[in-house]
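The values are calculated or read from the model by the stated rules, or taken from the named source; none is laboratory data. Treat the numbers as computed from the prediction; the structure is a model and nothing was measured. FYI the Cβ positions are ideal-geometry reconstructions off the backbone, even for glycines, and counts take in every protein chain you see.
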There are 2 protein chains.
Amino acid sequence: MPDTLPADSVGLVTPQQAHFDEPLALACGKTLPAYDLVYETYGKLNVERNNAVLICHALSGHHHAAGYHSMDERKPGWWDAHIGPGKTIDTNRFFVVSLNNLGGCHGTTGPCSINPDTGRQWGPDFPVMTVGDWVNSQARLADRLGIQRFAAVVGGSLGGMQVMQWSLAYPERIANAVVIAATPRLSAQNIAFNEVARQAIRSDPDFHGGWYAEHGTMPKRGLKLARMVGHITYLSEHSMGAKFGRDLRSDELNFGYDVEFQVESYLRYQGDMFSTAFDANTYLLMTKALDYFDPAAAHGGDLAAALAPANCPFLVMSFSTDWRFAPERSRELVDALVRAGKPVSYAEIESPHGHDAFLLPDVRYQAVFGGFMKRVARDITRAGDK
Amino acid sequence: MPDTLPADSVGLVTPQQAHFDEPLALACGKTLPAYDLVYETYGKLNVERNNAVLICHALSGHHHAAGYHSMDERKPGWWDAHIGPGKTIDTNRFFVVSLNNLGGCHGTTGPCSINPDTGRQWGPDFPVMTVGDWVNSQARLADRLGIQRFAAVVGGSLGGMQVMQWSLAYPERIANAVVIAATPRLSAQNIAFNEVARQAIRSDPDFHGGWYAEHGTMPKRGLKLARMVGHITYLSEHSMGAKFGRDLRSDELNFGYDVEFQVESYLRYQGDMFSTAFDANTYLLMTKALDYFDPAAAHGGDLAAALAPANCPFLVMSFSTDWRFAPERSRELVDALVRAGKPVSYAEIESPHGHDAFLLPDVRYQAVFGGFMKRVARDITRAGDK
């Protein structure tokens, strides 16, 4: 809760909502008849409408990427470290658009919304979404905002997959792609961790096949476990060690199953908080979207062939201790882009913070990312000069 | 189920049971009034009684390390690849003792046994065990078998911790120590994974605070999740990728929550099997023993100082893709042994199989391990010649 807003904050922001009546055909074969997208914008769209930057969120993210909803808000948006006046994504130059994706639980149409066919919540009947579906819906939001072409589409983790998809599905509508701590496809181990999370949620007796809201319950135990597993994979072994080590909660071992080590306490707390704040059906759906993404699959596994339609410069970044989507996975993408003859810059950032590093400030990360975005801004200015 | 027993098998074996009436004082402050240890032996104890090798089991292990209980048994004991006539631990030379540890669920006194004070199963009242408690009970078994000094104590993973403890608690009773794929203490990440497993079990409504047997239930959901998480950490990312990749169960994605990827099917199956075969209270207790082990703690974190009492040659082995107890953790032990002036040989074995590599055959692993054991055998012969 800031007393005054920091000078480099986008300040107080208000989420907006766009309603869409045109049905959206989905990869799963179903059609979403109508939907709402909740989004925020920071900065101003210029007259040429060519300075827009789209932010794509990750697994548990949402539209509130920067600034504060009120002076009472304890923490700013999830990527506030990188979005604001003079920051990496400079809102003095860019018009930033950040939305909550379909299937989310922060205002955009999702499992908690009302299914017009039944008058009940969608719940588990909400269609499984893919990264491709999201990008199609984002393109419609761009249409609504009068943005023909984004100066850049930017995202970390699952957000980075959306950036890749933009470059393939709408190559003429994306001028630059920034893919951070992502992967062109999940490994078997990644899918395995997601499956543990799903089993934890789905086997919780309070899940009721996804109809927990109608039963007046929430699968909190399952969602807590899912978050605990996820959280371990977001941190590096090093950062967990540095933060908690083998520190005990009290002076002595209690030789029982109450919290003994600080790391247990931290994980339980994180899990508890998440289990009451996030929707379980949304969590399931987001993990599935991660699992499914695999643009190379339609090209016999040849990622370079899959990337052929891409038509913009890429910045790819990874973090040295990220073992969820390790640097090797980013290098796979970079190698394929090079093989496909696409312009790509790559930086592996030394960081102790594991996958979560993409959310945090870091001198070299900001220098590389900020340098790229400055060039994007210069290209806009030059286009305006012509 | 073998038609005939392989020539290098120890053959048909029968578990034995030793009853102990002397109370065992435990690290937690409680005392176990009496207990049974179930064990197997392979090979013959020589007249000098100096050719005994003790096998210490890991988290979900037990006494049945080699051979077959019957001709109908589908698979031999869990370390049959390494124990038998002419094998790494050569039963033509050694008298091998393998027991189920206290708190186990394979016949040794544990949570499923009757608490003499109440006439009910111990259940969650069974005391939390430590590696030190186990080693004390193993020393009593050695007394019972007339073994003053083991030619070698050998173990992988949690078993390797027991070997370290033997070298510190009973330095005069262990002639050689073989520590495989272990660590002198768990990292915060290791503890975190154990805590997820415990939370999964303890939050299962069928757990009933550990009194599930009295409620006629089993916390199968929780134990299944615990095993799924554990299983991911036993395999390397590479081996999961090589075994399953992104292979689908059927031809197409089903865009739902049934099994889609082969790796999901495998994990669910492993979890289901384990959840009906293993006791949940035992699983909890074993993970706690792992968390607690930390000989350096009593020496201000100085592992070399903690190792001062050790008085035997060590063989330490690790596996290149083991990320549960990575080679770095073995090197910590090796470095401390060197600093403490103890004789130690170390080999890091290249293997794609992650932590599970310690259970599998491998040319270099067997060459190093077997070479060390041949020297142990020669020392016994020489002692006999004197």
**OP:** Would you mind stating whether B:Tyr212 is more than 10 Å from chain A (Cβ to nearest Cβ) and either assigned to a loop (DSSP other than H, G, I, E, B) or more than 26 Å from the chain's Cα centre (by Cα) (or both)?
**Re:** yes
Original post:
Within region B:122-136, is there a residue that is of a type in the set (Gly, Ala, Ser) and within 19 Å of the chain's Cα centre (by Cα)?
Top reply: yes
Original post:
Of the residues that sit in region B:319-347 and are buried (at least 19 other Cβ atoms within 10 Å of the Cβ) and part of a helix (DSSP H, G or I), which one is nearest to the other protein chains (Cβ to nearest Cβ)?
Top reply: B:Arg329
**OP:** Out of the residues in region B:166-204 that are of a type in the set (Lys, Arg) and within 7 Å of chain A (Cβ to nearest Cβ), state the one that is surrounded by the fewest Cβ atoms within 10 Å (Cβ to Cβ).
**Re:** B:Arg202
**OP:** Determine, yes or no, whether A:Arg221 is out of contact with any strand residue (DSSP E or B) (no Cβ under 7 Å at 6 or more places or on another chain), at the interface with chain B (Cβ under 7 Å from one of its Cβ atoms) and under 18 Å from B:Gly256 (Cβ atoms).
**Re:** no
Subject >> region B:296-318: number of residues that are farther than 23 Å from B:Met129 by Cα and either assigned to a helix (DSSP H, G or I) or within 12 Å of chain A (Cβ to nearest Cβ) (or both) >> reply: 2
Subject >> Options B:Gly67, B:Gly61: the member that is on the phi > 0 side of the Ramachandran plot and surrounded by 21 or more Cβ atoms within 10 Å (Cβ to Cβ) >> reply: B:Gly67
Subject >> Matching entry among B:Ser157, B:Ser113, B:Ser167 (being hydroxyl-bearing (Ser, Thr, Tyr) and farther than 30 Å from B:Ile349 by Cβ) >> reply: B:Ser113
**OP:** Just need a number here: residues in region A:87-135 that are touching a Ser or Thr at 6+ places or on another chain (Cβ under 6 Å), farther than 18 Å from A:Ala213 by Cα and not β-branched (Val, Ile, Thr).
**Re:** 2
Original post:
So which residues in region B:1-43 are buried (at least 17 other Cβ atoms within 10 Å of the Cβ) and more than 30 Å from B:Arg93 (Cα to Cα), if there are any at all?
Top reply: B:Leu24, B:Leu26, B:Ala27, B:Cys28, B:Leu32, B:Tyr35
**OP:** Only residues that are more than 30 Å from A:Asp90 (Cβ to Cβ), in contact (Cβ under 8 Å) with a residue 12 or more places away in the chain and touching a helix residue (DSSP H, G or I) at 6+ places or on another chain (Cβ under 7 Å): list them for region A:115-131, please.
**Re:** A:Gly123, A:Pro124, A:Phe126, A:Val128, A:Met129, A:Thr130
Subject >> Subset of region A:149-165 that is of a type in the set (A, V, I, L, M, F, W, C) and within 19 Å of A:Ala377 (Cβ to Cβ) - its residue that is nearest to the other protein chains (Cβ to nearest Cβ) >> reply: A:Val163
Subject >> Condition check for A:Val368: more than 21 Å from the chain's Cα centre (by Cα), part of a helix (DSSP H, G or I) and of a type in the set (Val, Ile, Thr) >> reply: no
**OP:** Taking A:Arg375 as meeting all but one of (1) over 17 Å from A:Val153 (Cβ atoms); (2) out of contact with any Ser or Thr (no Cβ under 9 Å at 6 or more places or on another chain); (3) modelled with pLDDT of 95 or more, write down the number of the exception.
**Re:** (1)
Original post:
When you go through (1) of a type outside the set (Asp, Glu); (2) closer than 22 Å to B:Glu195 by Cβ; (3) in contact (Cβ under 8 Å) with a residue 40 or more places away in the chain one by one for B:Ala326, which number turns out not to apply?
Top reply: (3)
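Every residue, every condition in (1) more than 18 Å from A:Ala192 (Cα to Cα); (2) modelled with pLDDT under 95; (3) of a type in the set (Val, Ile, Thr), yes or no:
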residue	(1), (2), (3)
B:Tyr170	yes, no, no
B:Arg173	yes, no, no
B:Ala181	yes, no, no
B:Glu195	yes, no, no
B:His215	yes, no, no
B:Arg221	no, no, no
B:Ile232	no, no, yes
B:Phe255	no, yes, no
Original post:
Are any of the residues in region A:122-129 touching an Asp or Glu at 6+ places or on another chain (Cβ under 8 Å), closer than 19 Å to A:Asp279 by Cβ and of a type in the set (A, V, I, L, M, F, W, C)?
Top reply: no
Original post:
Which of (1) closer than 28 Å to A:Pro127 by Cβ; (2) crowded, with 24+ Cβ neighbours inside 10 Å is the odd one out, the single condition A:Glu264 does not satisfy?
Top reply: (1)
Original post:
Quick one: how many residues across region B:215-232 are assigned to a helix (DSSP H, G or I) and either among the hydroxyl-bearing types (Ser, Thr, Tyr) or out of contact with any Ser or Thr (no Cβ under 9 Å at 6 or more places or on another chain) (or both)?
Top reply: 4
Original post:
Looking only at region A:348-361, which residues are surrounded by fewer than 22 Cβ atoms within 10 Å (Cβ to Cβ) and of a type in the set (A, V, I, L, M, F, W, C)?
Top reply: A:Leu359, A:Leu360
Original post:
Where in region A:124-204 are there helices (runs of 4 or more DSSP H), lying wholly inside it, with at least 3 residues that are within 28 Å of B:Val229 (Cβ to Cβ) and not hydrophobic (A, V, I, L, M, F, W, C)?
Top reply: A:188-202
Original post:
So how many residues does region A:236-295 have that are outside any helix (DSSP H, G or I), hydroxyl-bearing (Ser, Thr, Tyr) and at the interface with chain B (Cβ under 10 Å from one of its Cβ atoms)?
Top reply: 2
Original post:
Within the set of pairs 6+ apart or on separate chains, which have a first residue in region A:135-150 that is closer than 14 Å to A:Pro171 by Cβ, a second that is aromatic (Phe, Trp, Tyr) and in a helix (DSSP H, G or I), and C-beta atoms under 7 Å apart?
Top reply: A:Val135/A:Trp166
Original post:
Is there any pair with a first residue in region A:342-363 that is at positive phi and a second that is in a helix (DSSP H, G or I) whose Cβ atoms are under 7 Å apart and which are 6 or more apart or on different chains, and what are they?
Top reply: A:Gly354/A:Tyr234; A:Gly354/A:Ser239
Original post:
Are any of the residues in region A:314-325 closer than 30 Å to B:Glu252 by Cα and touching a Phe, Trp or Tyr at 6+ places or on another chain (Cβ under 7 Å)?
Top reply: yes
